[in-house]
Amino acid sequence: MRAFEHFPSLTALFFTRAAERGERPFLWTREEAGWVSISWAEAARRVCAMARALAELGIRPGDRVMLVSENRPEFCIADLAIMTADAITVPTYTTNTTRDHEHIIANSGARGVIFSTAKIAKALMPAVVRSPMHLAISMEPMSSMQSSTVEICHWDALIAAHPADPAATAAALTATRDDIACLIYTSGTGGAPRGVIQHHGSILCNVEGCIDLIAGDFGWDEEVFLSFLPISHAYEHSGGQFLPIGLGGEIYYAESLEKLAANIAEVRPTIMVVVPRLFELLRTRVSKAIEKQGKLPAMLLEQTQRLGAKRYTNGGKLPIWDWPLQAVLDRTIIPKVRDRFGGRIKALVSGGAPLNPEVGIFFDALGLTLLQGYGQTEAGPVISCNRPSAGLAMDTVGPPLKNVEVAIAEDGEILVRGELVMKGYWHNDAETARAIQGGWLHTGDIGEFDGNGRLKITDRKKDLIVNDKGDNVAPAKLEGMLTLQPEVGQVMVYGDRRPNIVGLIVPDPDWMKEWAAVHGKPAELAVLRNDPTFLADIRAAVDRVNADLSVIEKIRRFALADEPFTIDNEELTPKQSIRRHVIRARYQDRLDGLYGARAED
């Protein structure tokens, strides 16, 4: 098994891999004629040119440079160029508002920004011109945009005007593992985003730990990644960008979430970094697509799931009498589903939020290895991950990665120690002191180890619901179970210091459309929200979940939201987590009303 080398910095890692891989393809993007690649050698040349341009434009070592872009080759090149110039990358979400950009610019003290499109510039530039920032670089032409206070340069022109030698640049690198690589602003479910100080060693520690898992359980080969989660989030930044660089792999940038399924079939990735919500959507799509093919395919899917659940319960084994049926499934439905994912997936790695075990078992039964991991931006971000050699347990997030220590505090809080732990929060000593005590990162998550050393997350410490009797209820568990019901698209449960749990539900749009067609009514939530039959069917879904819950966990009543939780209405974070404080503020009266008359009656 090939071992991962010890590198002094992320830039040293990149230039080493670029020298090894040469003209082999590295970064891929979809154009009208098909997929087009940039080689490792060409990417290195562009990184060096942009680093030189940044220096000549006044960016000095230690300066912060914002990076606002969709997933595309230029993001990776810009990120590496900023670090090569000994500056600090500040990646931010493309969905940020002008107010968000103003906060990050002011907090980070960024002196320049690299952005991608005119669409992003509309929200970004008002914040830039009101700041001390002096430099903006656009990846695409901005001919109609001008500013008297900010110099706007064009990406292609800067690269063409500043040729540089990768070998000489690599030889002159001085960054160490202890130096700051980037400030990742946590999207946060409450309060202003905080800048997490990630050093080179933090991300390198993550890369080494992930490669140790991949090499040990799957083998390290010509890996292909499909990138679609926002790279400005630590999970994709480390797992979808620097992990492929560490492996010397290829990165394809997905066109959009809508085209993701087609991109998967075309690219045929070997590893995908995903979030649980995507698995839930894919599970629904796969199930519906098979059911539409007729009774026989639907029956085969049902049998696949039945045997998969049995195999999972029995430690990966089936009784001999089930072998013939499994052999039939292995030759019929399972290959077809695997083909939808390109046919060569080694692992789908899930992180960012709790994964419902039923979803994991669904994909495992279809021959797709789904590994649930756990982490935080403050820890690189990957802390632990399931691995087949340790025995898959869908209700755990696996053992800690290599070189990572995890302990459980007396109150159940998960503590983490190692090189992966952040240096702190940028210009926020008070929060840093609360988060890191005695070298241990206090994650704010509650968990425990099982008998095999696998970490199990029970909930967010700050999100625990404590009812009026002092009982603790984990909202993530209830919400995960509810969103598995076909009638429920999104949900937030509520009940802190209250006598019982209630829920705010967004009906699944596909189910609502089908329901409306059957009942001859418009598929409009504003109309159906008062329809007794519609509410009764959603009540039935809640009751199905309640049947498997304890008395204190049962969702007694529910109300319907006015619209889906989205990033645009600020009720979802960019990584698809619900913003509880925003939703509560908007629907507080409706939630309070659930403790009076029944809202669904």
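Bear in mind these aren't lab numbers, they're just calculated from the coordinates by the rules spelled out. Small disclaimer: the values here were computed from a predicted structure and weren't measured. Here Cβ is always computed from backbone atoms with ideal geometry, including for glycine, and neighbour counts include all displayed protein chains.
Over the chain, calculate the relative contact order: mean separation of alpha carbon pairs under 8 Å at least 6 apart, over the residue count, as a percent.
11
Just for the range 10-175, what percent of DSSP beta bridges are antiparallel, to the closest 5?
Bridges in the range 10-175 are about 25 percent antiparallel.
Once the Cα atoms of helix 200-217 and of the chain are each reduced to a long axis, what angle between those two axes, in degrees from 0 to 90 to the nearest 10, is obtained?
50
Any idea what the relative contact order of the range 38-169 is, in percent, if you count C-alpha pairs under 8 Å spaced at least 6 apart?
Across the range 38-169, relative contact order equals 29 percent.
Return the Cα extents of the range 318-382 along principal axes one, two and three, sorted largest first, each rounded to a whole Å.
Its Cα atoms span 49, 27, 14 Å along the three principal axes.
On a 0 to 90° scale, report how tilted helix 276-291 is relative to the longest principal axis of the chain, with both axes built from alpha carbons and the result rounded to the nearest 10.
Approximately 60 degrees, to the nearest 10.
Going through the range 359-410, which GluC sites (Glu not before Pro) have at most 11 other Cβ atoms within 10 Å and a DSSP loop state?
Working: sites: Glu378, Glu405, Glu410; in loops: Glu410.
Listed in order of number, the matching sites are Glu410.
Return one quarter of the surface area of the convex hull spanned by the alpha-carbon atoms of the range 520-571, equal to its mean projected area, in nm².
Mean projected area for the range 520-571: 5.0 nm², to one decimal.
Evaluated at 37 °C with a viscosity of 0.692 mPa s, what Stokes-Einstein diffusion coefficient in µm²/s does the range 192-254 have when Rh comes from the Kirkwood expression over alpha-carbon pairs?
Taking Rh from Cα pairs, D becomes 264 µm²/s.
Could you tell me how many degrees, from 0 to 90 and to the nearest 10, lie between the Cα long axis of helix 73-84 and the main elongation axis, the longest principal axis, of the Cα atoms of the chain?
Value to nearest ten degrees: 50.
Which of rounded, prolate, oblate describes the range 352-501, given a ≥ b ≥ c as roots of the alpha-carbon gyration tensor eigenvalues and a/c under 1.5 marking rounded, otherwise prolate only if a/b is larger than b/c?
Here the range 352-501 falls in the oblate category.
Could you give the distance between the Cα centres of the range 210-275 and the range 409-451, to the whole Å?
Each part's Cα centre sits 28 Å from the other's.
For the chain, just the Cα set please: Rg and Dmax, both in angstrom.
Reported Rg and Dmax, both Å: 24.7, 78.
Tell me whether the range 413-473 comes out rounded, prolate or oblate; compute the Cα gyration tensor, take square roots of the eigenvalues as a ≥ b ≥ c, and use a/c under 1.5 as the rounded threshold.
Oblate, since a/c reaches 1.5 and b/c is not below a/b.
To one decimal place, what orientation-averaged projected area in nm² is obtained for the convex hull of the Cα set of the range 10-175?
Orientation-averaged projected area of the Cα hull: 9.6 nm².
What are the semi-axes of the equivalent ellipsoid for the range 293-424, taken as the square roots of 5 times the Cα gyration tensor eigenvalues, largest first, in whole Å?
Semi-axis lengths for the range 293-424 are 35, 15, 12 Å.
Counting other C-beta atoms within 10 Å, and keeping those with at most 10, which DSSP coil trypsin sites (Lys or Arg not before Pro) do you find in the range 472-518?
Sparse-neighbourhood loop trypsin sites (Lys or Arg not before Pro): Arg497.
For the range 465-593, divide the Cα radius of gyration by the Kirkwood radius and give the resulting Rg/Rh value with two decimals.
My calculation puts Rg/Rh at 0.96.
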